[in-house]
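Data block below; observations after.
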Amino acid sequence: MNIPFFTNKPSEESFRYLEGNKPNHIAIIMDGNGRWAQKRGKARVTGHKEGISTVVKIAKAAVKCKVKVLTLYTFSTENWKRPKTEVDTILRLPKEFLHLYLPDLMAHNIRIETIGETEHLPAHTREAIRYAMERTRDNDGLQLNFALNYGGRHEIINAMKKMLADLNGANLSLDELDDQQVSEYLYTAGMPDPDLLIRTGGEKRLSNFLLWQLAYTEFWFTDVLWPDFSEKEFLQAVEEYQQRKRRFGGL
């Protein structure tokens, strides 16, 4: 299958080529905002602000592809180590993002959710998230997950603590534990595992993202920095996914 990519804004015909074996859940590590800004002689925070428009563009592309869940690695538990000015800017972006783009997301029937330890975020970030989730809760189209203050190892440790508490309280039996049962203790409970992981910015690692959920996910890497990531690259990733044969350990 060869999708006709001629510009960075594919035609509606390009999306129609993507019928059949499409990923239900796509996860994206949005890497390269800071480097994008530095290449232009600007402060790193400029790249983070530029990146929010890419979020909307790719969310709408996912809607056109009939993806059910799109999970974006927005702020990790390790990102607190960055300079305070950069952290403060990143954690103010949800409010700016929603102020600018919430009507557009509503028009595309997108529902906003979060995964991670959001209770430890600043009050203004939590309030922006709460408002967006409340406004979009009746939408039944694409579920757009923002992974905020998220760490894969921390998620697994939290799940283990909850399981141990239920075991000690006789609410869970060791005989009941299997992959599906463990998944119900994770932040992504009730969601399908990602079929496709996209990482922008040229790095090829998971960076503590969805460690349990990515066990059999297909990976797609690109050198394109997140602010430059377009519908064209998104569709190329989906097309390549469609050409792979997923065996899940079988033949």
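The values are calculated or read from the model by the stated rules, or taken from the named source; none is laboratory data. Keep in mind that what you see is a predicted model, and the values were worked out from it rather than measured. Counting neighbours? That spans all protein chains shown, and the Cβs are built from the backbone with ideal geometry, glycine included.
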- Check the stretch 74-88 and report whether any residue there is surrounded by 18 or more Cβ atoms within 10 Å (Cβ to Cβ) and on the phi > 0 side of the Ramachandran plot. no
- Checked pairs for the stretch 80-94, first within 14 Å of residue 149 (Cβ to Cβ), second of a type in the set (Ser, Thr, Tyr) and assigned to a helix (DSSP H, G or I), C-beta under 6 Å and 6 or more apart or across chains, list as 91/125; 94/125
- Query: Of these, 144, 148, 210, which one is on the phi > 0 side of the Ramachandran plot and either among the β-branched types (Val, Ile, Thr) or under 14 Å from the mean Cα position of the chain (by Cα) (or both)?
  - Reply: 210
- Go through (1) more than 15 Å from the chain's Cα centre (by Cα); (2) surrounded by 14 or more Cβ atoms within 10 Å (Cβ to Cβ); (3) touching a residue at least 60 places away in the same chain (Cβ under 8 Å) and name the single condition residue 203 misses. (2)
- Index of the failed condition, residue 46 passing every other in (1) buried (at least 20 other Cβ atoms within 10 Å of the Cβ); (2) free of Cβ contacts under 8 Å to residues at least 40 places away in the same chain; (3) in contact with a Lys or Arg (Cβ under 9 Å, 6 or more places away or on another chain): (1)
- Task: Search the stretch 24-35 for residues that are more than 14 Å from residue 48 (Cβ to Cβ) and pair each with any residue that is of a type in the set (Lys, Arg) and surrounded by 23 or more Cβ atoms within 10 Å (Cβ to Cβ) when their beta-carbon atoms are under 8 Å apart and the residues are at least 6 apart or on different chains.
- Result: 28/199; 29/199
- Note on the structure: Taking the stretch 110-150 and the residues there that are basic (Lys, Arg) and in contact with a Lys or Arg (Cβ under 9 Å, 6 or more places away or on another chain), the one that is surrounded by the most Cβ atoms within 10 Å (Cβ to Cβ) would be 111
- Identify the residue in the stretch 9-45 that is at pLDDT 95 or above, assigned to a helix (DSSP H, G or I) and of a type in the set (S, T, N, Q) and, among all such residues, is farthest from the chain's Cα centre (by Cα). 38
- Message: Pairs needed: first member in the stretch 163-176, within 22 Å of residue 187 (Cβ to Cβ); second member anywhere, of a type outside the set (Gly, Ala, Ser) and assigned to a helix (DSSP H, G or I); C-beta distance under 6 Å; at least 6 residues apart or different chains.
- Response: 172/166
- Task: For the stretch 106-125, indicate whether the set of residues that are touching an Asp or Glu at 6+ places or on another chain (Cβ under 9 Å), among the β-branched types (Val, Ile, Thr) and either in a helix (DSSP H, G or I) or on the phi > 0 side of the Ramachandran plot (or both) is non-empty.
- Result: no
- Item | Pick from the stretch 151-190, criterion of a type in the set (Ser, Thr, Tyr) and at pLDDT 95 or above, ranking: surrounded by the fewest Cβ atoms within 10 Å (Cβ to Cβ) | 183
- Restricting the search to the stretch 173-194, which residues are under 21 Å from residue 118 (Cα atoms) and among the polar types (S, T, N, Q)? 183, 188
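Inside the stretch 76-92, can you point out the residues that are outside any helix (DSSP H, G or I), under 23 Å from residue 211 (Cβ atoms) and out of contact with any Ser or Thr (no Cβ under 9 Å at 6 or more places or on another chain)? Before the answer, list the steps.
Taking the stretch 76-92 as the starting set, the residues that turn out to be outside any helix (DSSP H, G or I) are 76, 82-83.
Then drop every residue that is not under 23 Å from residue 211 (Cβ atoms), which leaves 76, 82.
Residue satisfying the conditions is 82 alone.
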- Note on the structure: Subset of the stretch 206-251, residues of a type in the set (Ser, Thr, Tyr), in contact with a Phe, Trp or Tyr (Cβ under 8 Å, 6 or more places away or on another chain) and in contact (Cβ under 8 Å) with a residue 40 or more places away in the chain, comes to 207, 241
- Does any residue of the stretch 208-222 turn out to be in contact with a Cys (Cβ under 8 Å, 6 or more places away or on another chain) and either of a type outside the set (S, T, N, Q) or surrounded by fewer than 19 Cβ atoms within 10 Å (Cβ to Cβ) (or both)? no
